[in-house]
Amino acid sequence: MIRLPFDPEWGGLGHDALTMVYVLEHLGYGCRDAGLLFTLATQMVSMAIPIQQFGSDELKERYLRRLIDGSIISAHAISEPEAGSDATAMSTTATEDGDSYVINGKKAFCTSGPVADVITVYTTTDAEAGATGITAFVVETGQSRRPRW
């Protein structure tokens, strides 16, 4: 399932996004575990697809193949206690500190967070820019558990 929309060079099957959505929809009819389906969609849509489409070569080499084969699990952190899932109202910030960034804030309802190896953390890097001032960071969690799907 995870391999569907990814380039074969990374271990994917090369299908389009519509095929992925079609498969997820039909799995929804037969799978009693909606949490599993949400986790699969999160793995693909919140982490792996953005890395394939927009990530640096370093990000692709480091994470993409393992995200696609399920050897690592991803999560996304967008919701906040005071803003809910309204990304434009988030207060978590990321500020440059030399060659890196410092992330400061609180997240809630982090899909797959307790078992994730990497998390897409959404932050505000330019509060005055509104939605275009939002930046997503790939953050490793330090989880030692490496489940396979």
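The values are calculated or read from the model by the stated rules, or taken from the named source; none is laboratory data. These numbers were taken from a predicted model, which means no experiment stands behind them. Please note: Cβ atoms are built from the backbone with ideal geometry, for glycine as well, and neighbour counts cover all protein chains shown. SASA here: full protein model, heavy atoms, side chains in, ligands and nucleic acids out. Shrake-Rupley method; radii C 1.70, N 1.55, O 1.52, S 1.80 Å.
Things to note:
- Note that segment 1-125 presents 56 Å² accessible area per residue, ligands and nucleic acids not counted, probe 1.4 Å.
- Whether segment 75-133 is rounded, prolate or oblate, judged on the alpha carbon gyration tensor where a/c under 1.5 counts as rounded: oblate
- Cα-based shape type of segment 42-119, given that a ≥ b ≥ c are square roots of the gyration tensor eigenvalues and the cut on a/c is 1.5: oblate
- Most positive-pole-ward Cα, 114, 95, 51, against dipole of the chain from beta carbon charges: 114
- Taking max minus min of the alpha-carbon positions on each principal axis, the chain gives extents of 42, 33, 31 Å, largest first.
- Across segment 33-126, C-alpha contacts under 8 Å between residues 6 or more apart give a mean separation that, scaled by the residue count, equals a relative contact order of 31 percent.
- Overall form of segment 59-101 per C-alpha gyration tensor (a/c, 1.5; a/b vs b/c): oblate
- Quarter the surface of the alpha carbon convex hull of segment 12-62 and you get the mean projected area, 4.0 square nanometres.
- Ligands, DNA and RNA aside, residue 7 has an accessible area near 70 Å² when probed at 1.4 Å.
- Karplus 3J(HN,Hα) series, Hz, for segment 108-116 with 6.51 cos²θ - 1.76 cosθ + 1.60 (x for Gly, Pro): 9, 6, 7, 4, 6, x, x, 10, 6
- Segment 48-133: antiparallel DSSP beta bridges as a percent of all, rounded to 5: 60
- Carbon plus sulfur fraction of accessible area for the chain, probe 1.4 Å, in percent: 52
- Computed from the C-beta positions of residue 126 and residue 38, the FRET efficiency with R₀ = 30 Å rounds to 0.50.
- Derived scalar couplings between HN and Hα for segment 2-10 equal 4, 5, 3, x, 9, 4, x, 4, 9 Hz in order, rounded to whole Hz, by the Karplus curve 6.51 cos²θ - 1.76 cosθ + 1.60 (θ = phi - 60°), x for Gly and Pro.
- Principal-axis tilt of helix 17-30 within the chain, Cα atoms, nearest 10 degrees: 70
- In the chain, the DSSP-assigned H stretches of four residues or longer account for a calculated mean residue ellipticity at 222 nm of -6500 deg cm²/dmol, using -39500 (n - 2.57) per stretch and the full residue count as denominator.
- Phi angles of segment 78-84 translate, via the Karplus equation with coefficients 6.51, -1.76, 1.60 and θ = phi - 60°, into HN-Hα couplings of 10, 5, 10, x, 9, 10, x Hz per residue; Gly and Pro are given as x.
- Relative to the current alpha-carbon distance between residue 61 and residue 29, full extension at 0.36 nm per residue lengthens the span by 8.0 nm.
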